[in-house]
Amino acid sequence: MPIVARFLQEEAPDVLCLQEIKCQEHQFPYDAFAELGYTHSAVHGQKGYHGVATVSRTPLKEFSRHDWQANGEARHVGVELLDAKDSQGRAIVIENVYVPAGGDEPNRDVNPKFGQKLDFLARMTAWAEQIERQTLIVGDFNIAPLESDVWNHKQLLKVVSHTPIEVETLQRFKEAHDWVDIGREHIRDPERYFSWWSYRSKDRKANDRGRRLDHMWASAELAGKASGHRLREDARDWEKPSDHIPLITEFSL
């Protein structure tokens with residue numbers, strides 16, 4: 001919570017989406033967020049694992065919980081932003097997702113977790129084909145799709161998160177709703193863009209072995225209202241940091 005609080009105090013976003021909260025809903029620090037002005041929340045938690053939460057300074061309403069893992073894991077929560085409307089006067093939707101990492105071996109025959117990841121994305125794709133609302137989907141996708149999204153494309157081609165089958169599967173999800181990759185609209189390929197560095201790296205800054213695993217994608221109309229996108233890479237060096245850094249997108253709504 002201390003690094004989350006620091007981020008909120010420095011940036012004051014209207015909405016914050018968290019993944020891998022690793023707590024049940026009754027254990028979530030609602031009071032700590034309320035003290036910082038974030039009195040609205042939608043939390044989908046699980047004991048010790050996974051979990052997602054969306055907190056806000058403006059009113060929201062829980063909109064959806066999809067079991068794309070097909071086993072009851074808490075990996076998604078969707079909300080309507082009640083004060084943010086699209087061109088048809090409907091509340092904008094934010095879908096907050098934590099895609100499975102997929103284990104270490106990129107072969108579903110020897111690694112069931114990899115198959116679960118691909119199947120998760122396939123269920124997300126079927127869902128995306130039916131979307132009718134202006135939607136922002138954000139979170140840890142656990143896939144770095146572009147060559148410039150990883151520190152070394154050739155070395156990571158057989159490493160889970162950058163394998164061709166994962167990139168192809170994510171591309172099918174993208175095409176299912178014509179999602180706009182907001183990050184890459186503002187930080188253009190092939191510019192370096194990383195959001196995650198392993199804890200195992202002894203000197204993160206010297207090696208810079210990062211990957212872009214975290215994403216913000218939007219429906220076309222909503223993406224057109226994005227006025228800026230940036231990263232807080234310095235947060236990776238805070239005390240007891242996450243291995244992921246915050247992504248920030250500003251919208252003119």
| query | In Å², what does the accessible area per residue of the chain work out to with a 1.4 Å probe? | reply | 49 Å²
| field | Share of alpha-carbon pairs per 5 Å distance bin for the stretch 1-135, given as whole % | value | 2, 10, 17, 19, 19, 14, 11, 6, 2, 1
| field | Pairwise FRET efficiency - Met1 versus Asp178, Cβ, R0 = 45 Å, nearest 0.05 | value | 0.75
| task | Quick one: which residues, 5 or more positions from Leu60 or on another chain, have an amide H under 5 Å from its amide H? H modelled 1.01 Å from N in the peptide plane, none for Pro or chain starts. | result | Leu82
| query | Rounded to the nearest 0.05, what FRET efficiency do Asn152 and Thr39 have when you use their Cβ-Cβ distance and R0 = 41 Å? | reply | 0.40
| query | Which helices, counted as full DSSP H runs in the chain, have an axial Cα extent of no less than 30 Å and a Kyte-Doolittle average of 0.0 or above? | reply | none
| note | Cα convex hull volume per residue for the chain, in Å³, equals 125 Å³
| request: Classify the stretch 160-201 as rounded, prolate or oblate from the Cα gyration tensor: take a ≥ b ≥ c as the square roots of its eigenvalues, call it rounded if a/c is under 1.5, otherwise prolate when a/b beats b/c and oblate if not. | output: oblate
| said: I'd like the distance separating the alpha-carbon centroids of the stretch 158-188 and the stretch 92-111, in whole Å. | reply: 13 Å
| query | Which cross-chain or sequence-distant (5 or more) residues have an amide H under 5 Å from the amide H of Phe28, H modelled 1.01 Å from N in plane? | reply | none
| P(r) tail fraction, the stretch 131-197 - alpha-carbon pairs more than 17 Å apart, % | 46 percent
| request: For the stretch 1-77, restrict the atom set to alpha-carbon positions and state the Rg and Dmax in Å. | output: 12.4, 38
| note | Ratio for the stretch 212-253, C-alpha Rg to 2.2 N^0.38 Å, reads 1.40
| Residue (of Val180, Val97, His162) at the positive-pole extreme of the stretch 73-214, dipole from beta-carbon charges | His162
| Dipole magnitude of the chain about its Cα centre, charges +1 at Lys/Arg Cβ and -1 at Asp/Glu Cβ only, in debye to the nearest 20? | 480 debye
| remark: Sorting Tyr30, Leu16, Ile3 by the position of each Cα along the dipole of the stretch 1-131 (Lys, Arg +1; Asp, Glu -1; all at Cβ), the one nearest the positive end of that ordering is Tyr30
| note | HN-Hα couplings for the stretch 92-106 via Karplus (6.51, -1.76, 1.60; θ = phi - 60°), in whole Hz with x for Gly/Pro, come out as 6, 9, 10, 9, 10, 9, 10, 6, x, 5, x, x, 9, 10, x
| remark: Taking a straight Cα-to-Cα line shorter than 19 Å from Lys158, and setting aside same-chain lysines fewer than 8 residues away, one finds Lys113, Lys117
| request: Show that you can apply the helix-only estimate: for the chain, add -39,500 (n - 2.57) for every DSSP H stretch of four or more residues, divide by all residues, and state [θ] at 222 nm to the nearest 500. | output: -7000 deg cm²/dmol
| request: Name all residues of the stretch 137-152 having a backbone nitrogen under 17 Å from the label point set 7 Å from the Cα of Asp189 along its Cα→Cβ direction, giving them as ranges. | output: 141-152
| said: Taking amide H atoms as placed 1.01 Å from N in the peptide plane, list the residues 5 or more away in sequence, or in a different chain, whose amide H sits under 5 Å from that of Gly224. | reply: none
| Within the accessible area of the chain (1.4 Å probe), percent carbon and sulfur | 46 percent
| task | Give the share of C-alpha pairs in each 5 angstrom bin for the stretch 70-122, from 0 to the last occupied bin, in whole percents, shortest bins first. | result | 4, 17, 20, 14, 11, 10, 10, 6, 5, 2
| Which ³J(HN,Hα) values, rounded to whole Hz and listed in residue order, are derived for the stretch 62-79 from phi using the Karplus coefficients 6.51, -1.76 and 1.60 in 6.51 cos²θ - 1.76 cosθ + 1.60 with θ = phi - 60°, glycine and proline given as x? | 4, 10, 6, 9, 9, 9, 5, 7, 6, 8, x, 5, 8, 10, 7, 8, x, 9
| said: Apply the Karplus curve 6.51 cos²θ - 1.76 cosθ + 1.60, θ = phi - 60°, to the phi angles in the stretch 44-57 and return the couplings in whole Hz, x for Gly and Pro. | reply: 10, x, 7, 5, x, 9, 6, x, 9, 8, 10, 10, 8, 8
| Just by accessible area at a 1.4 angstrom probe, what is the order of Ile165, Ile137, Ile248 from largest to smallest? | Ile165, Ile248, Ile137
| note | Rounded to the nearest 5, the percent of DSSP beta bridges in the chain running antiparallel is 85 percent
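The values are calculated or read from the model by the stated rules, or taken from the named source; none is laboratory data. Quick caveat, the model's predicted, so the values are computed rather than measured. Here Cβ is always computed from backbone atoms with ideal geometry, including for glycine, and neighbour counts include all displayed protein chains. In case anyone asks, the SASA skips ligands and DNA or RNA and just uses the protein heavy atoms, side chains included. Shrake-Rupley method; radii C 1.70, N 1.55, O 1.52, S 1.80 Å.
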